[in-house]
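**Student:** I am attaching a structure below and will ask some questions about it afterwards.
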Amino acid sequence: WTGTAYEYLRHDALNANTWFRNRDLPPDPKTGKAPKTQLRQYQQGFAQGGPIKPNKAFFFFNYEELRSPSSSTLQRIILTPQATQGIFSYNTAAGVQSVNLFNIAAANGQLATVDPTVGKILASIQASTSQNGGVSALNNPLVQQYTWSMPTESFNPSPTTRLDYEVTRNHRLTGSFNYRHINSTPDTTNGAQLPFPNSLTTGSQQSTRWTTSESLRSTFGDHLFNEFRVGGSGGATLFSPELGTTMWSDTNGYRLNLGGACCGTGATLTNPSLGAGQSSREAATKVLENTTTWLKGNHNVQMGASLVQTDVWLQNQTLVPTANFGISTTEAADAIFNAATIPGASAADITQAKNLYAMLTGRITSLTGDARINASGDKYNLLGLSRAEGRMREFNMFVADSWRMTPSFTVSAGLRYVLQNP
């Protein structure tokens, strides 16, 4: 038997910090410098192979894993503390001006208090900014940029094995299997990081990928050879399987679309939760094939058949409805915010003032979700699970002959029939 072990290391201690992190993040009290992005990679494994039974059976096994603890620098757009209390700030030729939207509303007989659920979420966001990262001003005086760092983890184990077995002198069996699991926490590829340090919604990506191939090679006499082979590949990928309705318990089972409510181009608020969708999928393939070779004089005849089956499934589900905020033009509150009550404001500023007021007071214009058809196709389920499945089969049969008519002239001809089902 022979074996090998190995390990590779990558570490952020060997890296320099980026100019942007030095600019945006507060310095570490111990070092006086902004913390570096954690970028580490640990790759280790071993391989072992040799005879199980001399001249009869042989094996090979390899195991490798890759661990990449790191950190993700995230930039979020949040309201200023004053804006969360209804103070609307806007740029004018004379500088930044501010008005109290709740005072305007109260003077016109409209609701003048923060909605309890919205207020709780905004307070939680403000509290999280003191835990990690830093806050910086933006051109829009209504919002700020919050920069923070979130730890991430990637763990990918990959075992591989192969076995060769000589059943008899004329029959040899071979099999191999390859597996790889991808575990990314959180799923940075699809933006499933925590929106804020104390948010409830985050998700990973879990993916299992495997391939296998087995064959039996046989010799019958001096002129007839046969190979039978089976194989397959597949593995499901799950996107944010951890998501559940309880993750929206702090908003009474609804996703609040704060990002769609405020606060203008280039200053869209970061939503306090991920999207409410969950999905998974898998594509798998199975193969059966047999090839026979017959040597007869100057003829090399091959014949065979194969079956290929491909299966795919996809699942999707929206877990909770989304609440969208705004003021309808038919409401009395729409008219109270204007050039007279918000002096010097542009039309775009007045629209944003309405949007901020609507969000703070919890004025919902729509609840969005979906209804998905069930497996039998006769009913729609509100916020139900959708599953789509597909299968395709292909049959192949062929015969071919390579006829060496003279030492310098060979004729090859064959016939293949392929049937592909819908």
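This table checks each residue for (1) in contact (Cβ under 8 Å) with a residue 40 or more places away in the chain; (2) out of contact with any helix residue (DSSP H, G or I) (no Cβ under 9 Å at 6 or more places or on another chain); (3) assigned to a strand (DSSP E or B).
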site	(1), (2), (3)
Ser207	no, yes, yes
Trp210	no, yes, yes
Asn226	yes, yes, yes
Arg229	yes, yes, yes
Thr237	yes, yes, yes
Leu274	yes, no, no
Ala283	yes, yes, yes
Leu288	yes, yes, yes
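**Student:** Hey, can you tell me all the residues within region 1-33 that are open to solvent by 60 Å² or more (accessible area, probe 1.4 Å), among the charged types (D, E, K, R) and closer than 24 Å to Gln75 by Cβ?
**Tutor:** Arg23, Lys33
**Student:** Only one residue in Ala192, Ala137 is aliphatic (A, V, I, L, M), surrounded by 19 or more Cβ atoms within 10 Å (Cβ to Cβ) and either more than 24 Å from Gly362 (Cβ to Cβ) or touching a His at 6+ places or on another chain (Cβ under 8 Å) (or both), so which one is that? If you could, list the steps in order and put the result at the bottom.
**Tutor:** Working: Ala137 fails: surrounded by 19 or more Cβ atoms within 10 Å (Cβ to Cβ).
Only one candidate qualifies: Ala192.
**Student:** Condition first: free of Cβ contacts under 8 Å to residues at least 40 places away in the same chain, of a type in the set (S, T, N, Q) and assigned to a loop (DSSP other than H, G, I, E, B). Can you find one or more residues in region 175-197 that meet it?
**Tutor:** yes
**Student:** Right, next: For region 335-382, which positions are touching a helix residue (DSSP H, G or I) at 6+ places or on another chain (Cβ under 9 Å) and at positive phi?
**Tutor:** Restricting attention to region 335-382, the residues satisfying the condition of being touching a helix residue (DSSP H, G or I) at 6+ places or on another chain (Cβ under 9 Å) are 336-339, 341-342, 345, 353-354, 356-365.
Residue satisfying the conditions is Gly362 alone.
**Student:** With the checklist (1) buried (at least 18 other Cβ atoms within 10 Å of the Cβ); (2) in contact (Cβ under 8 Å) with a residue 40 or more places away in the chain in hand, flag the one item Lys36 doesn't pass.
**Tutor:** It fails just one condition, (2).
**Student:** Tell me, please, whether a residue that is open to solvent by less than 60 Å² (accessible area, probe 1.4 Å), modelled with pLDDT of 95 or more, farther than 30 Å from Val287 by Cβ and not in a helix (DSSP H, G or I) can be found in region 395-415.
**Tutor:** The answer is yes, given that some residue of region 395-415 is open to solvent by less than 60 Å² (accessible area, probe 1.4 Å), modelled with pLDDT of 95 or more, farther than 30 Å from Val287 by Cβ and not in a helix (DSSP H, G or I).
**Student:** Provide a single number: the residues in region 164-177 that are of a type outside the set (Val, Ile, Thr), open to solvent by less than 70 Å² (accessible area, probe 1.4 Å) and closer than 22 Å to Gly232 by Cα. Don't jump to the end; show me each part of the working.
**Tutor:** Going through region 164-177, the residues of a type outside the set (Val, Ile, Thr) turn out to be 164-166, 169-173, 175-177.
Next cut, open to solvent by less than 70 Å² (accessible area, probe 1.4 Å) only: 164, 166, 171, 175-176.
So of that shortlist, the ones also closer than 22 Å to Gly232 by Cα come out as 164, 175-176.
Of the residues in that region, 3 qualify.
**Student:** Please verify whether region 215-233 includes one or more residues that are loosely packed, with under 15 Cβ neighbours inside 10 Å and aliphatic (A, V, I, L, M).
**Tutor:** Yes, some residue in region 215-233 is loosely packed, with under 15 Cβ neighbours inside 10 Å and aliphatic (A, V, I, L, M).
The values are calculated or read from the model by the stated rules, or taken from the named source; none is laboratory data. Keep in mind that this is a model prediction, so the values were computed, not measured. Quick reminder, even Gly has a Cβ in these numbers, built from the backbone with ideal geometry, and neighbours come from all protein chains shown. Ligands, DNA and RNA are excluded from the accessible area calculation, which covers all protein heavy atoms including side chains. Shrake-Rupley method; radii C 1.70, N 1.55, O 1.52, S 1.80 Å.
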